[in-house]
Amino acid sequence: MTHILVIDDDHVLVDLLREFLELEGFAVDAAYDYDSGLTRALSSDHELVVLDVMLPGGSGLDLLKTLRASSKVPVVLLSAMGEAVDRIIGLQIGADDYIAKPFEPGELLARIHAILRRIRDLPADGSEIKVGDVALSAIRRAVVCAETSLALTAVEFNVLECLLRNAGSVVSRETLAEKALGRPLAAFDRSVDVHVHNLRKKFPVMPHQRIKAIRGIGYIYTPPAVENLE
């Protein structure tokens with residue numbers, strides 16, 4: 001059974017989500033403030049965290065930042081409808097996806113399934129990819145660049161896997177959203193761009209020459225020339 005942690009101070013919403021998600025076969029734990037939420041999130045007892053931005057005792061964004069220092073557990077961020085800046089900051093810090101309040105429980109369920117599916121669905125073949133100085137293992141969900149292990153979030157890993165499998169070819173933002181987020185790209189949705197921005201920063205050498213933006217289309221992974229890596 002998949003264990004999910006919901007961190008939100010709205011007891012009514014948490015009870016609704018617990019009832020809904022338990023009917024869908026999930027085990028749901030809850031925390032209602034910053035301190036207890038961080039403690040539970042760091043316990044490694046959950047496969048996914050649903051996190052509200054506004055919490056008693058501290059910011060959900062600060063909680064996410066602290067969590068990301070030691071955990072790669074997938075996080076879906078909840079934010080108020082008008083707070084687009086919170087969603088962008090959340091993605092930059094390491095959230096896997098976000099959903100604006102108010103929302104339908106079914107929409108959150110779809111996001112949860114999409115993230116878990118991308119983590120669990122292991123390819124039958126082609127699980128090892130090597131492009132230049134980057135080696136990716138889909139089975140172990142591990143990436144090494146220039147002999148340095150990269151600490152990637154689930155979505156960052158998915159984005160890189162998609163780009164590496166299509167190295168040398170342009171991958172549209174829409175395709176990256178489908179492959180990495182498991183959902184269509186909505187209008188004015190900058191999630192893919194933020195995840196690519198975060199991913200670039202994880203490379204120890206020549207980050208911006210690896211993943212290049214093709215304006216109005218998407219991104220392309222181009223391995224740096226060997227002489228530039230020496």
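The values are calculated or read from the model by the stated rules, or taken from the named source; none is laboratory data. Small disclaimer: the values here were computed from a predicted structure and weren't measured. Here the Cβ positions follow ideal geometry from the backbone for every residue, glycine too, while neighbour counts run over all protein chains shown. Calculation scope for accessible area: heavy atoms of the full protein, side chains included, ligands and nucleic acids excluded. Shrake-Rupley method; radii C 1.70, N 1.55, O 1.52, S 1.80 Å.
Descriptive notes on the structure:
- Considering the stretch 131-152, and only residues there that are open to solvent by 10 Å² or more (accessible area, probe 1.4 Å) and polar (S, T, N, Q), the residue that is farthest from PRO204 (Cα to Cα) turns out to be SER149.
- Qualifying residue in the stretch 64-74 (condition: over 20 Å from ARG183 (Cβ atoms), of a type in the set (Val, Ile, Thr) and outside any strand (DSSP E or B)): yes
- For the stretch 19-49, taking the residues that are more than 14 Å from ARG68 (Cα to Cα) and either hydrophobic (A, V, I, L, M, F, W, C) or in contact with a Phe, Trp or Tyr (Cβ under 7 Å, 6 or more places away or on another chain) (or both), the one that is most open to solvent (accessible area, probe 1.4 Å) is identified as LEU23.
- Residue in the stretch 75-82 that is modelled with pLDDT under 95 and in a loop (DSSP other than H, G, I, E, B) present: yes
- Only one of LEU185, LEU152, LEU199 that is on the phi < 0 side of the Ramachandran plot and assigned to a helix (DSSP H, G or I): LEU199
- Filter pass, GLU161 being without any contact (Cβ under 8 Å) to a residue 60 or more places away in the chain, open to solvent by 60 Å² or more (accessible area, probe 1.4 Å) and in a helix (DSSP H, G or I): no
- Pair list, Cβ < 8 Å and 6+ apart or interchain, from the stretch 204-223 residues that are under 18 Å from SER149 (Cα atoms) to residues that are part of a loop (DSSP other than H, G, I, E, B) and among the aromatic types (Phe, Trp, Tyr): ARG210/PHE203
- Options ARG165, ARG141, ARG118: the member that is touching a helix residue (DSSP H, G or I) at 6+ places or on another chain (Cβ under 8 Å) and at pLDDT 85 or above: ARG141
- Residue in the stretch 87-101 that is touching a Cys at 6+ places or on another chain (Cβ under 8 Å), open to solvent by 10 Å² or more (accessible area, probe 1.4 Å) and not aromatic (Phe, Trp, Tyr) present: no
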